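Each remark here refers to the structure printed beneath this line.
The values are calculated or read from the model by the stated rules, or taken from the named source; none is laboratory data. As the structure is a prediction and not an experimental result, all values here were calculated from the model. We place every Cβ from the backbone using ideal geometry, glycine too, and count neighbours over all the protein chains shown. The area values use the complete protein model at the heavy-atom level, side chains included, leaving out ligands, DNA and RNA. Shrake-Rupley method; radii C 1.70, N 1.55, O 1.52, S 1.80 Å.
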Amino acid sequence: MSIKYLAEKRAWFIETATTAYVFGVEEGNKLLHYYWGTRLPNQTDYPGVGPLPNQYVYDTHEAAYEYLGWGGINYTEPDLKVTFADDVRDLVLFYHDYDLTENNVSSELKVVLKDAYYPFQVNLFYRVFNDSEIIERWASVLNLGDTPTRIEQISSGTLHLPSPGEGGYRLTHLAGRWGAEFQVNRTNITDGKKSLESRRGHTSNEATPWFALDYAGPGRAGADEDQGQVWFGGLGWSGNWLVTVEQSTYLKGKGVRVSSGINPFDFSWNLKPGQSFETPVLSFGYTSEGFGEASRLFHRYQLRHILPAEFAGKPRPVLYNSWEPIQFDVTEQSQMDLAEVAARMGAELFVIDDGWFGARDSDHAGLGDWFVSPTKLPNGLKPIIEHVHALGMEFGIWIEPEMVNPDSDLYRAHPDWVYYFPTRSRTERRQQLVLNLSRTDVQAYLFEALDKLLSENAISFVKWDYNRPVSEPGWPEAPSAEQREMWVRSAQGFYNLLDRLRAAHPQVSWESCSSGGGRVDLGVLRRADQVWTSDNTDPYDRLFIQEGYTLAYAPRTMFCWVVDTPHWLGKRDTSLTYRFHSSMLGGLGIGGHISNWSEEEKTTARGLVEEYKQIRHLVQDGLIYRHLSPRDGSYTAVSYVREDRLEAVLFVLTLGRRLALPPAQVRLKGLNPTTLYRVEGVGEPFTLSGAALMQHGLNFGHLKYDFDSAKIYLSALEPGK
Ligand code: DGJ
C-alpha cells in the first residue's frame, strides 16, 4: 500500500497490494484521471504516464476530470456546482499543490485545487490503509473570500472506468422496499444516466448507496461470484444520497463514470466567508476475482476501518427481542417471563423494543417522551434490568429519537420542532412527524433525555429506529438562504447525537434500524455496531434479503431473528432448525413468543444457540463464500472461512424443490488444498482434503424437501498447513 507522486509527470499513484488508481495534472493545469484497475509493475506502465496515451483525453467536454467543477463546456454530471456572490455560476478549478502524509496505518493524499478568479478552494482527499484493498476519497471546499458562496451540488468524487472493449458495463445494485430490502438488481449500462438515490431524508429501504460494475454484453457473460473484473464502491452517508452511472453517447463503452455523494435534489448550502464544507467518504475497490472477492474485500475493510473499534473485534451477542410477540403490550411481568425463557435458550442480550415509554400504548402516541411509562412500568426499568442481569444477560432498549407523535408532551410543547411549511399540512406517516434535527435545541433536548436514560439505567445496547421518511421539509425559522441545508444538517444532527451518546456511554453498543433495513450505509456503520436487516423475518424470504445485504455489507452487522411459525407475513411454515440456520447466516437473534414454545422446541433452540456460539467467529469475522444463490434455483449455500483457512462452516438450505431437480452438489471454496479437514454434519464425520472438498464437493441428496437445511463444520486436522 502506498501513495506516490512522480514529479516529472505530475501524477499520483495510489496503490494497494493488487489495485492501482492513478491520476495527474494535464497541460492545462486540470486534474485528469488515468487509470483504475489491476496494479501494474512500473509507474510508466500506466497510460498517461509512460508510452501509452491516456485513454480518457478527448474533446474537453468529455474529458475524464478527476473532480469536475460545473463551468466551461461540460455536460456530464458535475462534482461541484456553485454560485458566487455576484451570481456567476461558472467554476474553473486549477491544480494548486498537494500534500502527502503517512503513518503506520494509512497514507493520505490531499490535492488542492483553486478557482481561477475567486478565493475558493477545493481539497481532494484520498486514503489507503496498509491492510486493505479499499481506497477512500472525499472532498472539502473552503470559502476564502468575504462574501458567501452557494453550493448547489457537491459529490464525494467521480470514478472513471476503463474501456471494456467489446460489450459494455453491467451495473449491480441493491434495491427493494419495506420487507424486501437489498434485492439484487442487474442491468446493462446503456447511453445516458442511471441514478440510484434517496430523497427521503434517510438512506432508505428502497435502495442502499452501493454499486458494482462488471464487463458484460454481446458475447461476454460478465463476472460471477468467483471470476471477472468488478469495480465497486459505497458511500458513507445516511441522508439523501446519489449514485449516478453515466455512459457518454460520444465514447460508447469508454466514457463510463460513476459519481456519488450528497443528493443535489433540493439541496443548497450557504458557505459563509471563512467556512468549509466536507463531503461524506466514498469507498471503492477493484478485483479480478468476481463479486465474491469484492464482498470479502469490502467486508474486511468494514471490520478493520469502518465499524466502531470498541466492539468490532468482539463477538456480537445472541439477542432476544420481544417486538413480534408483545408489540406495545410491555409489562414488567411479560418481560421478566420472556427473559427467563430467553436466558434458558442461551440468549446473551435481552432487548425491550417499542412500547416502554411515554403514553406508548400503540403507535398513535408517545414518541418524543423518553421517560419510562408510569402506567405500564410503574417500578421503572430497574426491576427488569436486575432480573435480566441475574439471569446472566445484558439489557438493551429501543428508541426512535428523530420522531414525534403529535399526541405527545413534546409536540404539545414544541409544535415548531418538526419539519413543516407554515401554509401546508404536516403529512403523518405511522401517526408521526420528523423532528428537525437541524436545530441545535432539538439535538440538545434529545441528548439530555437519552443521556439521562442511559445514565440512570444499566443499558448496554440500544436499537435506534427511524420509521418514516421526511415530507414537507420546511425549516421556516432558518434564514431563507439556509433552509435547504436541512437535508444535510439532519443527517449531521443524527451523527452528532449518536457520536455524543457513544462518547458519553462507551459501554453501549448500537443497532441501526429504520423500519427494518432503511438506514444501512458506510456512514451509519461508523457508529452502529449492527443493523436490523428487515422487518421481514420469514426465514425463506430472508435468504434473498440476506444474500443481497452481504454483497455490500459485513455479515457480523446483519441481524437475523428466529421467530414463530407459520410466519405472520405469508403463513409459511418452517422447522425450527431451518429458521435457525437461516438466521445463523448473520448475527443471531430470537424474536418469537418463546414463552409459548413447547419444551421440546425450547431444548432444540438451546442446542442450536449453542451450535451458533461455536461457529459465530466464522460468520462474524471470517470470509464469506456464496455457493448457490436463492435467485438461481432450489438452494442457498453459503460458507464462512476463517482467514487462516483452518476452520469453516457451510450452510445449505432448500427453497422450493421443483421438478425433481438433482440434489445440490456444493464445492467448497477458500480452503487450503493440501490441508485435511474433518467434516461434521453430513452423515458420520469423515476426513477429506481441501482439494477434494473444493474440486468434488459435498452432495446434499438428503435435503429432499422444501425448507430443509444442513450446517457443515470443517476443521483442519493439521493446523498450520
Ligand atoms: C420498526 C422496526 O423495524 C421493528 O423491528 C420494531 O422495532 C418497530 N419499528 C417498533 O415500532
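Observations on the structure shown:
- In order along region 478-484, the Karplus-derived 3J(HN,Hα) couplings, from 6.51 cos²θ - 1.76 cosθ + 1.60 at θ = phi - 60°, round to 8, x, 4, 5, 10, 5, 7 Hz, and Gly and Pro are given as x.
- Panel note: the C-alpha atoms of region 626-716, placed on their principal axes, show extents of 38, 26, 18 Å (largest first).
- Computed extension gain for F447 through T83, at 0.36 nm per residue and net of the alpha carbon distance, reaches 127.5 nm.
- Centre separation in Å (Cα based) which lies between region 489-536 and region 660-678: 38 Å
- Heavy atoms of D86 accessible to a 1.4 Å probe, total area in Å² rounded to 10: 90 Å²
- Spatially proximal lysines relative to K711 (Cα-Cα < 19 Å; intrachain offsets below 8 disregarded): K613, K669
- Fraction of the pair-distance distribution of the chain above 47 Å, Cα-Cα pairs, percent: 21 percent
- Sparse packing (at most 11 other Cβ atoms within 10 Å of the Cβ) combined with a DSSP loop state is found for the following chymotrypsin sites (Phe, Trp or Tyr not before Pro) in region 667-721: Y705.
- Reciprocal of mean inverse Cα separation for region 309-621 (Kirkwood radius, Å): 20.1 Å
- Positive-pole candidate from I397, M584, P325, dipole of the chain, charges at beta carbon: M584
- Checked against a 18 Å cut-off, the cross-linked pairs K382/K452; K463/K571; K463/K602 give Cα-Cα distances beyond that limit for K463/K571; K463/K602.
- Under the Karplus curve 6.51 cos²θ - 1.76 cosθ + 1.60, θ = phi - 60°, whole-Hz ³J(HN,Hα) for region 114-121, x wherever Gly or Pro sits: 10, 5, 5, 10, 8, x, 9, 10
- Between region 112-185 and region 191-226, the alpha-carbon centres lie 15 Å apart.
- For GluC sites (Glu not before Pro), the sites in region 349-457 that DSSP calls loop and that have at most 14 other Cβ atoms within 10 Å are E428.
- Of the DSSP H helices in the chain, not one has a Cα length along its own long axis of 27 Å or more together with a mean Kyte-Doolittle hydropathy reaching -1.0.
- Chain lengthening between E610 and A17 when straightened (0.36 nm per residue, less Cα-Cα): 209.6 nm
- Less than 5 angstrom separates the built amide H of I189 from those of Y169, R170, L171, all sequence-distant by 5 or more or on a different chain.
- Computed FRET value (nearest 0.05) for S362 with V92, which takes r as the C-beta separation and R₀ as 41 Å: 0.10
- All lysines inside 18 Å of K9 as judged from Cα atoms, apart from same-chain residues fewer than 8 positions distant: K30, K110
- Label positions at D573 and D706, each projected 7 Å from the Cα along the C-beta direction, are separated by 1.0 nm.
- Amide H within-cut-off set for Y35, under 5 Å, with H built and near neighbours excluded: V22
- Take every pair of alpha-carbon atoms less than 8 Å apart whose residues are at least six positions apart; their mean separation over the length of region 2-306 yields a relative contact order of 17 percent.
- Put a dot 7 Å past the Cα of A116, heading toward its Cβ, do the same for R667, and the two dots end up 5.7 nm apart.
- A DSSP coil position with no more than 16 other Cβ atoms inside 10 Å describes the following chymotrypsin sites (Phe, Trp or Tyr not before Pro) in region 1-69: Y58.
- Relative to the 2.2 N^0.38 Å rule of thumb, region 2-306 has a C-alpha radius of gyration ratio of 0.96.
- Highest-first packing order for the peptide set 37-48, 318-329 is 318-329, 37-48, based on the mean count of other beta carbon atoms within 10 Å.
- Extended-chain gain in nm, criterion 0.36 nm per residue less alpha-carbon gap, A390 and L6: 131.9 nm
- The value of relative contact order for the chain, using C-alpha pairs under 8 Å at least six residues apart, is 10 percent.
- A probe of 1.4 angstrom, applied to the heavy atoms of all protein chains, finds K571 with accessible area near 140 square angstrom.
- Simple spin-label estimate for F686 and R500 gives 6.3 nm between the two label positions (7 Å along the Cα-to-Cβ direction from each Cα).
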